[in-house]
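The values are calculated or read from the model by the stated rules, or taken from the named source; none is laboratory data. Computed from a predicted model, the values in this text were never measured in an experiment. Methodologically, a virtual Cβ is constructed for each residue, glycine included, from the backbone with ideal geometry; neighbour enumeration extends over all protein chains shown.
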Amino acid sequence: MALMGQMMSEPLLISSIIKHAARHYGGTEIVSRRTEGDLHRYTYRDCELRSRKLAQAIAALGVQSGDRVGTLAWNGYRHLEIYYGVSGSGAVCHTVNPRLFPEQVAYIINHAEDQYVFFDATFLPLVEGVAAHCPGVKGWVMMSDRSHMPAQAKVPLLCYEDLIDAQDGNYTWPQFDENTASSLCYTSGTTGNPKGALYSHRSTVLHSYASALPDALGCSARDVILPVVPMFHVNAWGLPYSVPLVGAKLVLPGAKLDGASVYELFEKEKVTFSAGVPTVWLGLLQHVQANNLKFSTFNRTVIGGSAAPPAMIRALKALGVETIHAWGMTEMSPLGTSCRLLARHEELPEAEQQKIQEKQGRVIYGVDMKIVDGDGNELPWDGKAFGDLHVRGPWVIEHYYRNDASPLVDGWFPTGDVATIDPDGYMQITDRSKDVIKSGGEWISSIDIENVAAAHPAVHMAACISCYHPKWDERPLLVVMKKPGAEVTREELLKYFEGKVAKWWIPDDVAFVTEIPLTATGKMQKLKLREQFKDYRLPAA
Ligand code: ADP
């Protein structure tokens, strides 16, 4: 018989995070830009009390342990209360991405069997459109006070503040098995139907601990943290948990995610640390550069969700902001790797340091990774061999929600990404396997091509997609959205690649577009571009 440890076996529950913040950082602020238009401020102590009232309110509505409760909401304090009130009571907080097509929103709500859906005022038209297609939803709760409720709506609505006001907060967070489901996120489903990743209390608490570590995201009580990444995009990469866990001030930007609004909030609230997908920083950088502004307190940001273009890392650095390149996915809660320099890298010339920072980084404790060839054999960590990236760990998915087929291969989760790993363990994504360009059987990294193009001063955004070629099967086509007022020709752009990538990697052609379509999580929608250009004839073809 094994000798068992004799320490308290307290379950790792999400409620413990907000309890901790309220008790030990009770006076620390949470600032939210509301759909009402104003800035709302209160403290962790207030947040925990109102989360308890919300737990009482959903119990009064009949929500039981394990039931799913949906949200269609921006980053804001009420959404945070739902994160804690719903999960903390043993129900499942299901964040739905409101930027998806209404049919997908309805599909996801129905698949999850959400009992109630909480939504921000912005999404009333969406709710009015989908409600009839979601017969299982017992009630739609508008996250607003009585005075902001619509005079009439096409759907019977409940009012969030009325629900809260009816409760006294006399509620004790229940204790239960840490493996109980806590929250649910669907992948955005660029192919096929969206699939659900059902997190547990244990996986969430462990992920929050690990991602707060100094070489991961590095969150501290001394920080002021503003997640631009939405709370409906893989739980804002866990920040709504890891920020209260460390006791930092939290700033939630609501619906206004344009450069000017985000900048204003950064300055006003003395934000030190932020996180978002590259397209968000494009907007912010454009605003800051166009108006000759500086950041007074903002000093580092996490960029993930898609590759951070080197030009963006450099531009942020020039403004005194360190980029922490991070990689992960919905199936990984989401954090897998983050890129921080080692002590010995500090002596390297800046250009070499930047080369490292362009990689997606090293795993954080809890996650393990490997790259494998087509037969599943592990490939060397030499920074050159590339293969399918597989991961495992206590916050990595085992099964999709309501889907019996196991996605695992030999106990590992295949990410669908193609990567290299160098001898120091820094992983670099070369592509999503479905975005890889295969020219004459050899692979071209679309990310590398995009990174070069993004550094050209006239380029706002660039996507590299494969195009049919009679001889080579596929050749790269560069789709470019220019900066407003900037001029550049096809020839100039192609010449710009010379000496920067292997000759045969240089795209065959450039197509200028006024808009590059983005996914619901703000990534370039290459699938749509490939459809758009499916009949495109390359000049040499
Ligand atoms: P979706 O993009 O479908 O909404 P996810 O947010 O889960 O869903 O996307 C995960 C994928 O995003 C990863 O598998 C990878 O392809 C891509 N990704 C995430 N972070 C990075 C990064 N830093 N660099 C390159 N690709 C990234």
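Can you name every one of the strands (runs of 3 or more DSSP E) wholly within the stretch 441-541 that holds 3 or more residues which are more than 16 Å from the ligand (Cβ to nearest atom), under 28 Å from the mean Cα position of the chain (by Cα) and surrounded by 20 or more Cβ atoms within 10 Å (Cβ to Cβ)?
Of the strands (runs of 3 or more DSSP E) lying wholly inside the stretch 441-541, those with at least 3 residues that are more than 16 Å from the ligand (Cβ to nearest atom), under 28 Å from the mean Cα position of the chain (by Cα) and surrounded by 20 or more Cβ atoms within 10 Å (Cβ to Cβ) span 473-482.
Within the stretch 175-184, is even one residue hydroxyl-bearing (Ser, Thr, Tyr) and within 16 Å of the ligand (Cβ to nearest atom)?
The answer is yes, given that some residue of the stretch 175-184 is hydroxyl-bearing (Ser, Thr, Tyr) and within 16 Å of the ligand (Cβ to nearest atom).
Quick one: how many residues across the stretch 89-110 are within 16 Å of the ligand (Cβ to nearest atom) and outside any loop (DSSP other than H, G, I, E, B)?
6
Could you tell me which numbered condition Thr330 fails, if it satisfies all but one of (1) surrounded by fewer than 24 Cβ atoms within 10 Å (Cβ to Cβ); (2) within 20 Å of Val452 (Cβ to Cβ); (3) within 16 Å of the ligand (Cβ to nearest atom)?
In the conditions (1) surrounded by fewer than 24 Cβ atoms within 10 Å (Cβ to Cβ); (2) within 20 Å of Val452 (Cβ to Cβ); (3) within 16 Å of the ligand (Cβ to nearest atom), Thr330 misses (2) alone.
Hey, can you tell me all the residues within the stretch 270-296 that are surrounded by 17 or more Cβ atoms within 10 Å (Cβ to Cβ) and either in contact with a His (Cβ under 6 Å, 6 or more places away or on another chain) or within 16 Å of Ser220 (Cβ to Cβ) (or both)?
Val271, Thr272, Phe273, Ser274, Ala275
Among the listed residues Thr323, Thr279, which satisfies the condition of being within 16 Å of the ligand (Cβ to nearest atom), modelled with pLDDT under 95 and over 30 Å from Ser406 (Cβ atoms)?
Only one candidate passes the filter, namely Thr279.
For Tyr241, work out the one condition from (1) touching a residue at least 60 places away in the same chain (Cβ under 8 Å); (2) within 16 Å of the ligand (Cβ to nearest atom); (3) over 28 Å from Ala458 (Cβ atoms); (4) crowded, with 23+ Cβ neighbours inside 10 Å it doesn't fulfil.
(2)
Quick one: in the stretch 196-235, of everything that is touching a His at 6+ places or on another chain (Cβ under 9 Å) and aromatic (Phe, Trp, Tyr), which residue is nearest to Gly393 (Cα to Cα)?
Among residues in the stretch 196-235 that are touching a His at 6+ places or on another chain (Cβ under 9 Å) and aromatic (Phe, Trp, Tyr), the one nearest to Gly393 (Cα to Cα) is Tyr199.
Tell me, which strands (runs of 3 or more DSSP E) wholly within the stretch 364-439 include 3 or more residues that are surrounded by 15 or more Cβ atoms within 10 Å (Cβ to Cβ)?
368-372, 387-392, 413-421, 427-432
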